[in-house]
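Here is the structure we will look at.
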Amino acid sequence: MKKSRTLLLIFTIIILIVLDLFGDKILSGDLSGLSFIILNFRLPRLLIVLIAGVAISISGALVQNISLNPLADSGMLGFTSGASFAIVLLIFISEKFTMPSWTTYLYPACAVIGACLAYFLLSGLAMGKNFSQLRLILSGLAITAIFQSLITILQLTLNSFDFQKLAIWLTGDVWLTDYKYIIFLTTCLVFGLLALPFFFNRLDGLALGQELATSLGIDVEKTIKQLFFLTLVFTSIGVAAVGAVSFVGLISPHIARSLTSFKARNRLFYTGLVGVIIMLLADIIAKNIISPSTLPLGFVVALIGAPYFVFLINRKV
């Protein structure tokens, strides 16, 4: 059963990739310039979407595993806003001081720094002796509000063109599709994925609760810090790829849990596949619903994810 589900998810991804690359051209019968369009526009965008789907969904799964809160993700804890703020700050500095084009490769690093800043704020506000799930979420929302305010202030100093471009990206959309940038993001993602197997057993232990995890010999405090850093890396990759896309990191782990076993290795694998499917589906809709114009990717993801989020809330309450 597990193997058939895996094959079904992979087959679905392949079908969605084909539709994303060729769908409208095949339906219209107009194949002129297809290779140029695919290599220069569609394939780079597709690769960014795939990277974002994996990174954002896994970051959400890690947050839920660490916090034992099924309704938490990087966005709710302020990590996404922190990463976004750092990138916007770099863009602001680049515009004001005419910095070289290679500064775009600093986006992921800046995003990690911004997400780390959000984590340190969250640690100070919510992870002390008076820790509670409610305190964690409320502190995360407060941190998000702070960073969003700072982002707005920086946006208002930009010219109208950059303001509009940045506003669309912040809602969640593909911005940079340079192949060198894609290779750089892919490299960062691969290193993050290679680190995951070292935490599989500890993630399984943490899912049982901190007391049981401690009884199993897990250094809970150290492990949580390491996992949060890994979460920040995945969050930053997602933000550097497609901005602040919501709901993917929230709903992908839930769907994955309904498809596989308790073990972290299986849950994270399925979470990545589900995240990719959601992002591909959203990209296809975004490019075709008001063709030839394109909707921001984040809008479509929100339309897909919001109803499922409401369903989760009603089921949990």
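The values are calculated or read from the model by the stated rules, or taken from the named source; none is laboratory data. As the structure is a computational prediction, the values presented were derived from the model and not from experiment. Glycine also receives a Cβ, built like all others from the backbone with ideal geometry; neighbour counts cover every protein chain displayed.
A few notes on this one:
- Ile313 passes every criterion in (1) in contact with a helix residue (DSSP H, G or I) (Cβ under 6 Å, 6 or more places away or on another chain); (2) β-branched (Val, Ile, Thr); (3) over 23 Å from Gln164 (Cβ atoms) apart from (1).
- For segment 94-129, the set of residues classified as of a type in the set (Val, Ile, Thr) and modelled with pLDDT of 85 or more consists of Val112, Ile113, listed by residue number.
- Residue in segment 235-258 that is under 15 Å from the mean Cα position of the chain (by Cα) and at positive phi present: yes
- Residue pairs whose Cβ atoms lie under 9 Å apart, separated by 6 or more positions or on different chains, with the first residue in segment 254-275 and under 17 Å from Ala72 (Cβ atoms) and touching a residue at least 24 places away in the same chain (Cβ under 8 Å) and the second assigned to a helix (DSSP H, G or I) and of a type in the set (Asp, Glu), are Ala264/Asp204.
- For Leu230, the test of being at pLDDT 85 or above, farther than 26 Å from Ile48 by Cα and in contact with a Leu (Cβ under 9 Å, 6 or more places away or on another chain) is failed.
- So Ile87, is it β-branched (Val, Ile, Thr) and either at pLDDT 90 or above or closer than 22 Å to Gln64 by Cβ (or both): no
- From the list Ile66, Ile14, Ile48, Ile56, the lone residue that is modelled with pLDDT of 85 or more, exposed (fewer than 13 other Cβ atoms within 10 Å of the Cβ) and assigned to a helix (DSSP H, G or I) is Ile14.
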